[in-house]
Amino acid sequence: MEDRKVDELINLIDKFEKENLIDGKSSREFLRKAGIVKQNGELEENFKDLCIPQGQV
């Protein structure tokens with residue numbers, strides 16, 4: 001990937017983070033909408049075996 005494209009991607013991710021991941025509540029809502037965690041906060045079945053420290057979810 002070209003350096004310019006990498007920089008554009010980084011800028012898009014930074015913009016998304018500033019607009020959508022403002023606090024813990026919005027972060028958890030994002031994970032729920034993305035299908036990573038259930039409404040009750042548990043990981044979805046497809047993600048249970050990943051190496052994610054449980055304190056961060």
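The values are calculated or read from the model by the stated rules, or taken from the named source; none is laboratory data. In this text the structure is predicted, and so the values were computed from the model without any measurement. Note that each Cβ is placed from the backbone with ideal geometry, even for glycine, and that neighbours are counted across all protein chains shown. The accessibility values were calculated without ligands, DNA or RNA, using every heavy atom of the protein model including side chains. Shrake-Rupley method; radii C 1.70, N 1.55, O 1.52, S 1.80 Å.
Put simply, the amide H of L43, placed in the peptide plane, has neighbours under 5 Å in K38, leaving out anything fewer than 5 places away on its chain. Across q = 0.13 Å⁻¹, the chain modelled as identical point scatterers on its alpha-carbon atoms has Debye log10 I(q)/I(0) values of -0.45, in the order of the q list.
Between the helical axis of 24-33 and the dominant principal axis of the chain, each derived from Cα atoms, what acute angle in degrees is found, rounded to the nearest 10? The answer is roughly 90 degrees.
Using the heavy atoms of the protein chains alone and a 1.4 angstrom probe, what is the accessible area of the chain per residue in square angstrom?
89
Charge tally around E45: other residues with Cβ under 15 Å, Lys/Arg +1 each, Asp/Glu -1 each, net 0.
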